[in-house]
Amino acid sequence: MIVHESPEPRTEIVVVYDLGEDGSWEQAREDREAWGKELTEIHRLDSDPVAIVFTPGGALEASA
């Protein structure tokens, strides 16, 4: 998993998941559900990797 956060305030967080790795499919699903599906976008990068864009305002951000 690769996490990229921009230094600018209130910007998206992009996490890349390699769905070919054990447990990564479940981790991606859990992260998206915890943040809030309406505040995420999924982008397929190839056959296994996907990027999920987490928009500010998700549940995990509020608890940090």
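The values are calculated or read from the model by the stated rules, or taken from the named source; none is laboratory data. Model, not experiment: these values are computed from the prediction. When we count neighbours, we look across all protein chains shown, and the Cβ atoms used for this are built from the backbone with ideal geometry, even at glycine.
Table: residues versus (1) surrounded by 12 or more Cβ atoms within 10 Å (Cβ to Cβ); (2) in contact with an Asp or Glu (Cβ under 8 Å, 6 or more places away or on another chain); (3) modelled with pLDDT of 90 or more; (4) among the aliphatic types (A, V, I, L, M).
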| site | (1), (2), (3), (4) |
| --- | --- |
| ARG10 | no, no, no, no |
| VAL15 | yes, yes, yes, yes |
| LEU19 | yes, yes, yes, yes |
| GLY23 | no, no, yes, no |
| ALA28 | yes, no, yes, yes |
| ARG32 | yes, no, yes, no |
| GLY36 | yes, no, yes, no |
| ILE52 | yes, yes, yes, yes |
Can you name the condition, by its number, that PRO56 falls short on among (1) outside any helix (DSSP H, G or I); (2) modelled with pLDDT of 95 or more?
(2)
